[in-house]
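J.: Dropping the structure in here first, questions after.
All of the numbers you see were taken from the coordinates with simple rules; none came from a lab. Keep in mind that what you see is a predicted model, and the values were worked out from it rather than measured. FYI the Cβ positions are ideal-geometry reconstructions off the backbone, even for glycines, and counts take in every protein chain you see.
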Amino acid sequence: MTLLTIEDLSVHFPTRHKVFVAVNEADLTVEPGEIHGLVGESGAGKSTIGAAVMGLLERPGHIAGGTVSFKGEAISGRDAEAMRSLRGAKISMIFQDPLTSLNPLLTVGQQLIETIQFHLKLSDGDSRKRAVELLDRVGIPLPDERIDMYPHQFSGGMRQRVVIALALCSEPDVIIADEPTTALDVSIQAQILELIKELARERQTGVILITHDMGVIADTTDKVTVMYQGAVVESGATEQVMGNPQHDYTKSLIAAVPRPTLKVHRFPQLSYGGRSIEFHIDDLARNWQKPEPSKSGTLLKVENLTKTFLQKGALIPSRRKYFKAVDNVSFDIRDGEVFGVVGESGSGKSTVARMIATLYETNGGKITFDETEVTALSSNRDLEGYRRQIQMIFQDPYSSLNPRMRVDEIIAEPVKHHKLLEGAAIQHRVDELLDRVGLGSEAGRRYPHEFSGGQRQRISIARALATQPRFLICDEPTSALDVSIQAQILNILKDLQEHLGLTMLFISHDLPVVRQMCDRVGVMRQGQMVEVAETEELFANPKEAYTRELLSLMPKLEGLSTEGLKDEIV
Amino acid sequence: MSDQTSQSAPKSMFARAWDSDFAYNFRRTPVAVGSAFVVALLVLSAIFAPLIAPHNPFDPASLDLMNGFTAPMAANEFTGDVFWLGTDDQGRDVFSTILYGMRISLFVGFSAVLFAMVLGITLGLIAGYVGGWIETIIMRAADVQLTFPAILVAMLIFGVAKGITPIEHQDKMAIWVLILAIGLSDWVQFARVVRGATLVEKDKEYVQAARMIGRGKGIIMLRHILPNVLSPVLVIATISLALAIIAEATLSFLGVGAPPTQPSLGTLIRIGQGFLFSGEWWIILFPSVTLLSLALSVNLLGDWLRDALNPRLQ
């Protein structure tokens, strides 16, 4: 019997100027034991469907049409009290951020027991026993002891397990998991997805798995529904949709996914919904002053780099506690290559980038750029020459541009600071850069909030190019972006290397992306550089156990259609 | 959606401001519109007091002692003159003294808040961005300041200033000392809020980007961080304005503020309280009502501003 049926569901958010249609006549069904993936880019309306089913739509959003039924009985349009008995009891939800889903002031046991008693009406002793069982079931070691701990005493992955245990308290028939693994590292992500799969199989629970990640969809779900701007564009068995997509949007989405096993020259330009952009980095090369290549062939050399952070301050130096974020890291980057650094969160990869960018001071070791020892330069004036030649592209396109500055001021700032050009020539350079990254020079008169995430990241790139640097540091430049936008940005970066001869340090946690972008890769773990190798060599023959582990956790995506990629495969 | 907006031509500043969600929210909040109207009315009538007021209460030539204690809207028994809000013991028109008094109250209020704001923002920015022992000194000084009631601090400063100024300059200096006293007792909340906001902003990537370019601390603080920490400052400034006006009135009422030659609303209330029980109620009532409406509407405006600028409530 079908657990959950969604028919012609429409959700509207009336705003001041118009009614925003978040979900437009969507259909979806969930069978017992089935994991149904709901995939789409940001703004596609996938989370809104989850919220609508749970009755958690935020005002002024409301269900404008269609029905949601649970086991054949309509539940949409019920009053709040009736919804409450169903929500949490028969349908549970798992949210993205495990930290904010748990109450930090209560032990996990208190939270579990309260929920169990509310739903199952068990005695105190039985509830506690049941809570321990649940913690054990979701893979928390020593559940007897850990039940009395507070959420902050658990790691991110463990916390998400607790959240899942909490969702299981009422023995629900349907679980809605909204991006349950997005905030987690790959290794933990794999474990959590495995747990969800097991639970679905063993308890015959139906699961709606909302995600933007094609890898998660391909590896975890039985069925998939693809959404685009509030509407369902394609739905079917996962293998079928991923391997042989019918709709143009699905095709373009799948083509934009970086593959771990194939290397492409450029990602195919998306043509769906008029979102393809024109950028002309090659035109930029004509006015580009390329410096003499460094004699040794090595542009940046990092030797025994170390960084410690104060963990616990104290008046007496011997009582202070330090944390070694980067520990004796050495590598070098050749002129014109893209050097990747991969690692999980907390591995110190961003700290390395920030030291090279002179944003952090080093606590030991040497950085040499084109035969100049940067770490020996102390004053801001001595560093000017170095800073002109390096630029950085940041992770978060929403915070990397000053919201109170106009776009042309933002791009002109480095030019003015280094006094590279004067008067009208500055405006000319800004216009040219905006043009080349596909925004058009009129974009300069606007403010950052008027642009989408991908457009902002292109503004960031334009700013980074303004001083005509030799070396670009990219710190997770696409991890906050949708997959189709990621493809655009990666293409631009590839062009920068090819046409302008830029050398890059590319920091990422995403191995398939690294494979597409980098010539050589360094793997970092807990502040140390574990392995450095040519990219193809590293993916084919990883030397270190940790590298092998990382590679094995990477989604294989073998079932994904390669249509549209054929001309680009290297 | 943003793709569309970036295609259309940029609008004029005014059209953009009128169309903004902020202006829309204002138009839709009756309390905000009402209090803004009252504030605008009072401020404008204070500014144009010389044009509006029927008499100049500071010009002894225009005063007639025979007009003393005339009740509102009643003809004086000796001269036959009629005053809207009556006259005080010296025959000064209460309406005119209120207009002129409000000028002084508002001038002191605005200047004191401006002074507190400049001081507080500067110290808050430095404390937040530079950190270290400089931050410790600034913020501990702020903590110490908060342990004394603001009015006490103001009175202390006022007393000290009075002690060191020669008697013949005291009346002239009084207003400036008042501004200094109220401003110095009020900078702490600006410094605290700006420091907090600066700590949040300085870790954002646009500040990192400016540092990478090689921008110095001063430019980063002024051009990058300052414009992004101003919205909470605006809210505090509005609420501080009401508090500063009340503080000035309190000091003047206690006799340590504006001198009788330049009476503010507080001074008028002090003068009026002497006649409260002898039947001349209008001398104290009308200045009090003016002070109340001014402080209340500024406060309501500040409340609305706080809600409108708080993204979590939108």
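J.: Given the pairs A:Lys251/A:Lys556; A:Lys349/B:Lys217; A:Lys324/A:Lys419, which span a C-alpha to C-alpha distance of over 29 angstrom in this model?
T.: A:Lys324/A:Lys419
J.: Among B:Ala46, B:Ala17, B:Ala141, which one shows the biggest mean-square fluctuation in a GNM of chain B, springs joining Cα atoms closer than 10 Å?
T.: B:Ala17
J.: Next question. ³J(HN,Hα) across the stretch A:179-194 via Karplus (A = 6.51, B = -1.76, C = 1.60, θ = phi - 60°), whole Hz, x for Gly/Pro?
T.: Listing the rounded values in order: 6, x, 10, 5, 8, 10, 5, 3, 5, 6, 4, 4, 5, 5, 5, 4 Hz.
J.: Additional query: Distance from a point 7 Å along Cα→Cβ of B:Leu309 to each backbone N in the stretch B:221-243: keep the residues under 18 Å and list them by number.
T.: Hits in the stretch B:221-243 for B:Leu309 at 18 Å: B:222-243.
J.: For the stretch A:1-154, take every pair of Cα atoms, bin their distances at 5 Å starting from 0, and report each bin as a whole percent.
T.: Bins of 5 Å from zero give 2, 8, 14, 17, 16, 14, 13, 10, 5, 2, 0, 0 percent of pairs.
J.: Quick one: helix B:132-146 against the long Cα principal axis of chain B, what's the angle to the nearest 10°, folded into 0 to 90?
T.: 30 degrees
J.: Rounded to whole Å and ordered largest first, report the semi-axes of the equivalent ellipsoid of the stretch A:357-515 derived from its Cα gyration tensor (root of 5λ).
T.: Values: eigenvalues 122, 90, 40 Å².
With the √(5λ) rule applied to the stretch A:357-515, the semi-axes are 25, 21, 14 Å.
J.: Related question: Given the stretch B:29-313, what whole percent of its Cα pairs are spread farther than 24 Å?
T.: When all Cα pairs of the stretch B:29-313 are counted, 58 percent exceed 24 Å.
J.: Given H placed on each backbone N at 1.01 Å, which residues far from A:Glu234 in sequence or on other chains put an amide H within less than 5 Å of it?
T.: Long-range HN contacts for A:Glu234: A:Val226.
J.: Let me ask something else. Taking the Cβ of B:Arg28 as the centre, find all other residues whose Cβ is under 11 Å away and add up their charges (Lys, Arg: +1; Asp, Glu: -1).
T.: Computed value for this residue: +1.
J.: In the protein assembly as shown, if the dipole is taken from +1 on Lys/Arg beta carbons and -1 on Asp/Glu beta carbons about the Cα centre, which of A:Pro414, A:Val437, B:Ala308 is farthest to the positive end?
T.: A:Pro414
J.: I'd like the Karplus ³J(HN,Hα) series for the stretch A:466-474: coefficients 6.51, -1.76, 1.60, θ = phi - 60°, whole numbers in Hz, and an x wherever there's a Gly or Pro.
T.: Each residue of the stretch A:466-474 in turn: 4, 8, 6, x, 9, 9, 10, 9, 10 Hz.
J.: Under a straight-distance cross-link criterion of Cα-Cα below 24 Å, which lysines are reachable from B:Lys172, leaving out those fewer than 8 residues away in the same chain?
T.: Straight-line reach from B:Lys172, under 24 Å: B:Lys162.
J.: Something else: Placing unit charges on C-beta atoms (Lys and Arg positive, Asp and Glu negative, everything else neutral), compute the dipole magnitude of the stretch A:1-67 about its Cα centre in debye, rounded to 20.
T.: The dipole of the stretch A:1-67 has a size of about 460 debye.
J.: Still on this structure: Among B:Met155, B:Ser252, B:Phe115, which residue has its Cα positioned farthest towards the positive end of the charge dipole of chain B, with +1 placed on the Cβ of Lys and Arg, -1 on the Cβ of Asp and Glu, and the dipole taken about the Cα centre?
T.: Of the candidates, B:Phe115 comes out farthest on the positive side.
J.: Could you pull out every residue, at least 5 positions away or on a different chain, whose amide H is within less than 5 Å of the one on A:Gly348? Hs are placed 1.01 Å off N in the peptide plane, and Pro or chain starts have none.
T.: A:Gly527
J.: Hey, can you rank B:188-194, B:218-224, B:284-290 by average C-beta count inside 10 Å, highest first?
T.: Working: B:188-194: 22.4, B:218-224: 16.7, B:284-290: 19.6.
In decreasing order of mean packing, B:188-194, B:218-224, B:284-290 become B:188-194, B:284-290, B:218-224.
J.: List the residues, sorted by chain then number, that are 5 or more residues from A:Gly65 or on another chain and whose placed amide H is less than 5 Å from its amide H.
T.: Correct list: A:Ser10.
J.: Give the average over all directions of the projected area of the C-alpha convex hull of the protein assembly as shown, one decimal, in nm². Write down the numbers at each step before the final one.
T.: Working: hull surface 188.8 nm².
So the Cα hull casts an average projection of 47.2 nm².
J.: Could you compute how fast the stretch A:498-559 diffuses translationally, taking Rh as the Kirkwood radius over C-alpha pairs and applying Stokes-Einstein at 25 °C with viscosity 0.890 mPa s? Give it in µm² per second.
T.: D = 195 µm²/s.
J.: Only Lys, Arg, Asp and Glu count, each charged at its Cβ (+1, +1, -1, -1), so figure out the dipole size of the stretch B:29-313 about its Cα centre, rounded to 20 debye.
T.: Dipole size: approximately 1500 debye.
J.: Quick check: convex hull over the Cα atoms of the stretch A:4-255, volume per residue in Å³, rounded to an integer? Show your work: numbers first, answer last.
T.: On the way: hull volume 33.1 nm³, N = 252.
That works out to 131 Å³ per residue.
J.: Here's something else I'd like to know. Net charge near A:Asp519: determine it from the other residues with C-beta under 14 Å of the C-beta of A:Asp519, scoring Lys and Arg +1 and Asp and Glu -1.
T.: Here the charged neighbours net out to -2.
J.: Sticking with this structure for a sec: Explain nothing, just compute: Karplus ³J(HN,Hα) = 6.51 cos²θ - 1.76 cosθ + 1.60, θ = phi - 60°, for every residue of the stretch A:430-447 in order, whole Hz, x for Gly and Pro.
T.: 4, 4, 4, 4, 4, 4, 5, 8, x, 9, x, 5, 5, 4, x, 8, 9, 9
J.: While we're on this one: Given charges of +1 on the Cβ of Lys and Arg and -1 on the Cβ of Asp and Glu, with all other atoms neutral, how large is the dipole of the protein assembly as shown about its Cα centre, in debye to the nearest 20? Don't jump to the answer; show the numbers that get you there.
T.: Numbers: 83 positive and 99 negative charges, 343 e Å.
Once rounded to the nearest 20, the dipole reads 1640 debye.
J.: Could you compute the net charge surrounding A:Leu9? Neighbours are other residues with a C-beta less than 11 Å from the C-beta of A:Leu9; K and R count +1, D and E count -1.
T.: Local net charge: -4.
J.: With point charges of +1 on the Cβ of Lys and Arg and -1 on the Cβ of Asp and Glu, referenced to the Cα centre of the protein assembly as shown, which listed residue (B:Thr198, B:Phe286, A:Leu377) lies farthest in the positive direction of the dipole?
T.: A:Leu377
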